Amino acid sequence: MDNVLTDSVIQPTYRPPQIRAFTPADHAIVATWWAAAGRESVEPCALSRDGYFITMDGVETACAWLYVTNFSDVARVEHLVINPDAHPADASLALGFLREFLTRQATDIGKHLEMEEPLAAPSRHLAEPDRAGEFLALFAAEMQRYDEADCPVTHRFTPGLYIRQIHMPARSLVMSRLHKTEHPYTISKGDVSVWTPQHGVQRLRAPHTGITTPGTQRILFMHEDTIWTTYHPTTETDPQVIVNTITDDPLIPQLPEAR
């Protein structure tokens, strides 16, 4: 993640995703969503009692149902539907949180979860370069509506190595620059959901060590105060020069004026 766009983004007034139970009175809502997606509406009697909405920033964004029987160790997620008016960034994050919530629900009752697309691999379609670029452009534009949060960066040097540590506050949302090098990173504190075009949303908790590959760009949501550290071989000692060497400006093409 190394650098964030403008080194900070959304202050803690951003509201994290919320889960609430589906009720029969909500059927009219999801019926309009199914219709917008060109799908037939599922009758209330065919829906499981275990239905859940995920709400992003106060807006109902996605809904899905968990199906369980006593005759199988598999729990199924079915009838996933997304609010057609949801911002693409919200929809992508919502799918990741919903997937994780339903996985916990199944695990708690001793079941193995099976999920329909796109919940099994949220945002996989955005792995295509043109779609990923459009998504990142929309996301970056949406982020401009929010005030910036303070994300302090600590710079350390040892012979031939630059160590960059960033502290990101809980409930902040961060968009990284585009990485040009392969390098390790560690999460020494915190709990963060990470979106990339290649993998969709992944939940990472400290302690965690990973490898950043060239071409990586991330969107992160901090569930807790998080410390993310990266390690870069270099003899340079000016942090800004290093940043300009190992990263590019975010991969965000211009959107058509009509959008």
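The values are calculated or read from the model by the stated rules, or taken from the named source; none is laboratory data. It should be emphasised that the depicted structure is a prediction, and the values quoted were computed from it without experimental measurement. Glycine also receives a Cβ, built like all others from the backbone with ideal geometry; neighbour counts cover every protein chain displayed.
Quick notes
- Every residue from the range 166-182 that is outside any strand (DSSP E or B) and either within 12 Å of residue 235 (Cα to Cα) or modelled with pLDDT of 90 or more (or both): 169, 180, 181, 182
- The set of residues from the range 93-110 being crowded, with 22+ Cβ neighbours inside 10 Å and over 19 Å from residue 21 (Cβ atoms) comprises 93, 96.
- Selection count, the range 134-165, where residues are at pLDDT 95 or above and crowded, with 20+ Cβ neighbours inside 10 Å: 2
- Filter result for the condition that a residue is without any contact (Cβ under 8 Å) to a residue 40 or more places away in the chain, surrounded by fewer than 17 Cβ atoms within 10 Å (Cβ to Cβ) and charged (D, E, K, R), over 40, 60: 40
- Applying the criterion of being assigned to a loop (DSSP other than H, G, I, E, B) and either in contact with a Phe, Trp or Tyr (Cβ under 9 Å, 6 or more places away or on another chain) or hydrophobic (A, V, I, L, M, F, W, C) (or both) to the residues of the range 206-222, the residue that is nearest to residue 194 (Cα to Cα) is 218.
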